[in-house]
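Trainee: Before I ask anything, let me first share the structure, which is written out below as C-alpha coordinates.
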Amino acid sequence: MEYKLLITGFEPFGGQSVNPAWEAVAALPDHIGPFALTRLQVPVEFDRAARLALNAAEALRPDVILCVGQAGGRDAVTPEAAALNLRETEQPDNAGQTPQDQPCVPGGENALFSSLPVRRMVQAIRDAGLPGKLSCSAGTYVCNDLLYTLLHACRGSRTRVGFIHVPFLPEQAKPGVPSLPLADTVRALTAAIRAIDPL
Ligand code: PCA
(Lines give C-alpha, C1' and ligand atoms only; values in the text may rest on other atoms or scores of the structure.)
Protein backbone atom coordinates (compact mmCIF):
# COMPACT_ATOMS: atom_id res chain seq x y z
CA MET A 1 0.00 0.00 0.00
CA GLU A 2 1.39 3.38 -0.94
CA TYR A 3 0.43 6.59 0.82
CA LYS A 4 0.49 10.12 -0.54
CA LEU A 5 2.55 12.84 1.07
CA LEU A 6 2.36 16.44 -0.15
CA ILE A 7 5.53 18.23 0.85
CA THR A 8 5.90 21.99 0.53
CA GLY A 9 9.03 24.16 0.70
CA PHE A 10 9.21 27.94 0.70
CA GLU A 11 10.88 30.17 -1.87
CA PRO A 12 13.68 32.50 -0.62
CA PHE A 13 12.76 35.57 1.43
CA GLY A 14 14.28 38.27 3.58
CA GLY A 15 16.98 39.19 1.07
CA GLN A 16 18.34 35.63 0.84
CA SER A 17 18.94 33.99 -2.55
CA VAL A 18 18.16 30.46 -1.38
CA ASN A 19 15.80 28.84 1.08
CA PRO A 20 17.18 25.62 2.59
CA ALA A 21 13.61 24.41 2.98
CA TRP A 22 13.01 24.28 -0.76
CA GLU A 23 16.58 23.10 -1.51
CA ALA A 24 16.06 20.15 0.85
CA VAL A 25 12.54 19.36 -0.38
CA ALA A 26 13.80 19.38 -3.98
CA ALA A 27 16.62 16.97 -3.05
CA LEU A 28 14.42 14.37 -1.34
CA PRO A 29 13.80 11.05 -3.08
CA ASP A 30 10.40 10.48 -4.70
CA HIS A 31 9.59 7.66 -2.27
CA ILE A 32 10.34 7.48 1.45
CA GLY A 33 9.12 4.45 3.37
CA PRO A 34 5.45 3.95 2.47
CA PHE A 35 5.04 7.49 1.12
CA ALA A 36 5.07 8.76 -2.46
CA LEU A 37 6.10 12.42 -2.36
CA THR A 38 4.55 15.27 -4.33
CA ARG A 39 6.52 18.51 -4.05
CA LEU A 40 5.18 22.05 -4.10
CA GLN A 41 7.13 25.29 -3.82
CA VAL A 42 5.14 27.95 -2.00
CA PRO A 43 5.59 31.73 -1.93
CA VAL A 44 6.48 33.59 1.26
CA GLU A 45 3.12 35.37 1.27
CA PHE A 46 0.45 35.37 3.90
CA ASP A 47 -2.73 33.74 2.64
CA ARG A 48 -1.40 32.83 -0.82
CA ALA A 49 1.00 30.13 0.41
CA ALA A 50 -1.83 28.43 2.24
CA ARG A 51 -4.27 28.81 -0.65
CA LEU A 52 -1.83 27.20 -3.09
CA ALA A 53 -1.13 24.34 -0.68
CA LEU A 54 -4.85 23.79 -0.13
CA ASN A 55 -5.50 23.74 -3.88
CA ALA A 56 -2.77 21.16 -4.34
CA ALA A 57 -4.17 19.11 -1.47
CA GLU A 58 -7.66 19.20 -2.98
CA ALA A 59 -6.29 17.79 -6.23
CA LEU A 60 -4.00 15.18 -4.63
CA ARG A 61 -6.01 14.18 -1.54
CA PRO A 62 -2.83 13.35 0.39
CA ASP A 63 -2.63 11.26 3.56
CA VAL A 64 -0.06 13.67 4.96
CA ILE A 65 0.86 17.30 4.29
CA LEU A 66 4.31 18.21 5.55
CA CYS A 67 5.48 21.80 5.17
CA VAL A 68 9.12 22.83 5.48
CA GLY A 69 10.45 26.31 6.20
CA GLN A 70 13.67 28.08 7.10
CA ALA A 71 14.25 29.18 10.67
CA GLY A 72 17.49 31.16 10.44
CA GLY A 73 19.47 30.98 13.67
CA ARG A 74 18.13 27.62 14.84
CA ASP A 75 20.72 24.92 15.44
CA ALA A 76 18.49 21.91 14.82
CA VAL A 77 15.81 20.51 12.55
CA THR A 78 12.65 21.28 14.48
CA PRO A 79 9.24 19.67 14.02
CA GLU A 80 6.63 22.17 15.18
CA ALA A 81 4.19 21.09 17.89
CA ALA A 82 1.56 23.78 17.29
CA ALA A 83 0.38 26.80 15.32
CA LEU A 84 -1.15 30.04 16.60
CA ASN A 85 -4.12 31.76 14.99
CA LEU A 86 -2.10 34.97 14.71
CA ARG A 87 -0.45 36.95 11.95
CA GLU A 88 2.03 39.35 13.46
CA THR A 89 5.11 40.67 11.72
CA GLU A 90 7.23 43.75 11.19
CA GLN A 91 9.13 42.01 8.42
CA PRO A 92 7.19 42.32 5.14
CA ASP A 93 6.37 39.10 3.30
CA ASN A 94 7.40 38.76 -0.35
CA ALA A 95 4.26 40.68 -1.40
CA GLY A 96 5.02 43.54 0.99
CA GLN A 97 2.32 42.66 3.52
CA THR A 98 2.92 43.27 7.23
CA PRO A 99 -0.21 42.04 8.99
CA GLN A 100 -0.40 42.71 12.72
CA ASP A 101 -2.93 41.55 15.27
CA GLN A 102 -4.78 39.54 12.65
CA PRO A 103 -6.02 35.95 12.80
CA CYS A 104 -4.91 33.41 10.20
CA VAL A 105 -8.51 32.13 10.17
CA PRO A 106 -11.15 34.50 11.55
CA GLY A 107 -13.15 32.72 14.25
CA GLY A 108 -10.70 29.81 14.44
CA GLU A 109 -9.37 28.37 17.71
CA ASN A 110 -6.50 30.30 19.27
CA ALA A 111 -4.06 27.46 18.59
CA LEU A 112 -4.01 24.05 16.96
CA PHE A 113 -1.66 21.13 17.58
CA SER A 114 0.18 19.37 14.77
CA SER A 115 -1.51 16.13 13.80
CA LEU A 116 1.83 14.42 13.04
CA PRO A 117 3.80 12.42 15.65
CA VAL A 118 6.27 15.23 16.37
CA ARG A 119 8.08 13.54 19.24
CA ARG A 120 8.76 10.42 17.21
CA MET A 121 9.97 12.58 14.36
CA VAL A 122 12.43 14.38 16.67
CA GLN A 123 13.67 11.05 18.01
CA ALA A 124 14.12 9.68 14.50
CA ILE A 125 16.22 12.70 13.52
CA ARG A 126 18.42 12.16 16.58
CA ASP A 127 18.66 8.42 15.97
CA ALA A 128 20.03 9.30 12.53
CA GLY A 129 22.84 11.18 14.32
CA LEU A 130 21.50 14.60 13.38
CA PRO A 131 20.39 17.59 15.47
CA GLY A 132 16.65 17.43 16.16
CA LYS A 133 14.53 19.33 18.69
CA LEU A 134 10.86 19.83 19.31
CA SER A 135 9.74 23.43 18.72
CA CYS A 136 6.68 24.81 20.44
CA SER A 137 6.47 27.93 18.33
CA ALA A 138 6.32 28.21 14.56
CA GLY A 139 6.40 32.00 15.02
CA THR A 140 3.72 34.35 13.72
CA TYR A 141 5.04 34.84 10.18
CA VAL A 142 4.15 33.01 6.96
CA CYS A 143 5.23 29.52 8.15
CA ASN A 144 2.84 29.66 11.08
CA ASP A 145 0.11 31.03 8.78
CA LEU A 146 0.54 28.07 6.44
CA LEU A 147 0.56 25.50 9.26
CA TYR A 148 -2.43 26.98 11.07
CA THR A 149 -4.52 27.35 7.92
CA LEU A 150 -3.82 23.77 6.80
CA LEU A 151 -4.48 22.32 10.26
CA HIS A 152 -7.74 24.23 10.41
CA ALA A 153 -8.83 23.13 6.93
CA CYS A 154 -7.96 19.46 7.61
CA ARG A 155 -9.62 19.19 11.04
CA GLY A 156 -11.75 16.07 11.18
CA SER A 157 -10.39 14.75 7.88
CA ARG A 158 -7.99 11.85 7.44
CA THR A 159 -5.26 14.19 6.17
CA ARG A 160 -2.64 14.83 8.83
CA VAL A 161 -0.63 18.04 8.77
CA GLY A 162 2.71 19.10 10.17
CA PHE A 163 5.61 21.50 9.77
CA ILE A 164 9.38 21.27 10.12
CA HIS A 165 11.67 24.28 10.40
CA VAL A 166 15.26 23.81 9.22
CA PRO A 167 18.44 25.82 9.93
CA PHE A 168 20.36 28.06 7.51
CA LEU A 169 22.71 26.45 5.01
CA PRO A 170 26.40 27.11 5.84
CA GLU A 171 26.69 29.63 2.98
CA GLN A 172 23.81 31.71 4.42
CA ALA A 173 24.99 31.88 8.01
CA LYS A 174 27.06 34.84 9.26
CA PRO A 175 29.96 33.92 11.60
CA GLY A 176 28.64 32.58 14.90
CA VAL A 177 25.22 31.73 13.49
CA PRO A 178 24.39 27.99 13.41
CA SER A 179 23.82 26.18 10.14
CA LEU A 180 23.44 22.68 8.74
CA PRO A 181 24.79 21.29 5.45
CA LEU A 182 22.10 20.53 2.89
CA ALA A 183 22.86 16.79 2.90
CA ASP A 184 22.24 16.66 6.66
CA THR A 185 18.97 18.56 6.37
CA VAL A 186 17.87 16.14 3.65
CA ARG A 187 18.79 13.15 5.84
CA ALA A 188 16.96 14.67 8.82
CA LEU A 189 13.78 15.24 6.79
CA THR A 190 13.99 11.71 5.43
CA ALA A 191 14.30 10.29 8.95
CA ALA A 192 11.38 12.41 10.16
CA ILE A 193 9.15 11.25 7.29
CA ARG A 194 10.04 7.61 7.98
CA ALA A 195 8.83 8.14 11.55
CA ILE A 196 5.31 9.02 10.37
CA ASP A 197 3.08 5.99 10.78
CA PRO A 198 0.71 5.62 7.84
CA LEU A 199 -2.75 5.40 9.40
N1 PCA B 1 10.44 30.70 6.90
C2 PCA B 1 9.54 31.76 7.29
C3 PCA B 1 8.62 31.96 6.13
C4 PCA B 1 9.23 31.22 5.00
C5 PCA B 1 10.29 30.41 5.59
O6 PCA B 1 10.96 29.56 4.99
C7 PCA B 1 8.85 31.53 8.63
O8 PCA B 1 9.45 30.87 9.50
O9 PCA B 1 7.75 32.01 8.83
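Trainee: Pull up the range 26-64, narrow it to residues that are assigned to a strand (DSSP E or B) and within 16 Å of the ligand (Cβ to nearest atom), then point me to the one that is nearest to T98 (Cα to Cα).
Mentor: Going through the qualifying residues, I end up with V42.
Trainee: Right, next: Quick one: would you say P99 is open to solvent by less than 30 Å² (accessible area, probe 1.4 Å) and not in a loop (DSSP other than H, G, I, E, B)?
Mentor: Criteria not met by P99.
Trainee: Now for a separate question. Return the only residue of V166, V118, V122 being β-branched (V, I, T), open to solvent by 20 Å² or more (accessible area, probe 1.4 Å) and in contact with a Gly (Cβ under 8 Å, 6 or more places away or on another chain).
Mentor: Of the residues listed, the single one that is β-branched (V, I, T), open to solvent by 20 Å² or more (accessible area, probe 1.4 Å) and in contact with a Gly (Cβ under 8 Å, 6 or more places away or on another chain) is V118.
Conditions (1) closer than 20 Å to V25 by Cβ; (2) within 12 Å of the chain's Cα centre (by Cα); (3) at pLDDT below 95, marked per residue:
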residue: A53; (1), (2), (3): yes, yes, no
residue: G72; (1), (2), (3): yes, no, no
residue: E80; (1), (2), (3): yes, yes, no
residue: L84; (1), (2), (3): no, no, no
residue: R87; (1), (2), (3): no, no, no
residue: G96; (1), (2), (3): no, no, no
residue: D101; (1), (2), (3): no, no, no
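Trainee: Please specify each residue of the range 1-23 satisfying the condition of being hydrophobic (A, V, I, L, M, F, W, C), within 11 Å of the ligand (Cβ to nearest atom) and closer than 19 Å to L147 by Cβ. Full working, then the answer.
Mentor: Restricting attention to the range 1-23, the residues satisfying the condition of being hydrophobic (A, V, I, L, M, F, W, C) are 1, 5-7, 10, 13, 18, 21-22.
Subset that is within 11 Å of the ligand (Cβ to nearest atom): 10, 13, 18, 21-22.
Result: F10, F13, A21, W22.
Trainee: If a residue has to be part of a loop (DSSP other than H, G, I, E, B) and away from the ligand (no atom under 16 Å from the Cβ) to count, how many in the range 108-133 make the cut?
Mentor: Number satisfying all stated conditions: 10.
Trainee: Quickly run through the range 91-105 and pick out the residues that are touching a residue at least 24 places away in the same chain (Cβ under 8 Å) and not β-branched (V, I, T).
Mentor: Of everything in the range 91-105, those that are touching a residue at least 24 places away in the same chain (Cβ under 8 Å) and not β-branched (V, I, T) turn out to be Q91, D93, N94, A95, Q97, P99, C104.
Trainee: Kindly indicate whether any position in the range 65-74 is within 15 Å of the ligand (Cβ to nearest atom), basic (K, R) and outside any loop (DSSP other than H, G, I, E, B).
Mentor: No, because not a single residue in the range 65-74 is within 15 Å of the ligand (Cβ to nearest atom), basic (K, R) and outside any loop (DSSP other than H, G, I, E, B).
Trainee: List every residue pair whose Cβ atoms lie under 8 Å apart, where the two residues are 6 or more positions apart in sequence or sit on different chains, the first residue falls within the range 45-58 and is closer than 15 Å to N144 by Cα, and the second residue, located anywhere, is within 13 Å of the ligand (Cβ to nearest atom) and small (G, A, S).
Mentor: The qualifying pairs are E45/A95; F46/A95; R48/A95.
Trainee: Out of the residues in the range 139-176 that are within 15 Å of the ligand (Cβ to nearest atom) and β-branched (V, I, T), which is nearest to P92 (Cα to Cα)?
Mentor: That would be V142.
Trainee: Give the residues of the range 177-186 that are in contact with a helix residue (DSSP H, G or I) (Cβ under 6 Å, 6 or more places away or on another chain) and either more than 15 Å from the ligand (Cβ to nearest atom) or open to solvent by less than 30 Å² (accessible area, probe 1.4 Å) (or both), sorted by residue number.
Mentor: T185, V186
The values are calculated or read from the model by the stated rules, or taken from the named source; none is laboratory data. Small disclaimer: the values here were computed from a predicted structure and weren't measured. Here the Cβ is made from the backbone with ideal geometry for all residues, glycine too, and neighbour counts use every protein chain on show. All accessible areas refer to the heavy atoms of the entire protein, side chains included, with ligands and DNA or RNA removed. Shrake-Rupley method; radii C 1.70, N 1.55, O 1.52, S 1.80 Å.
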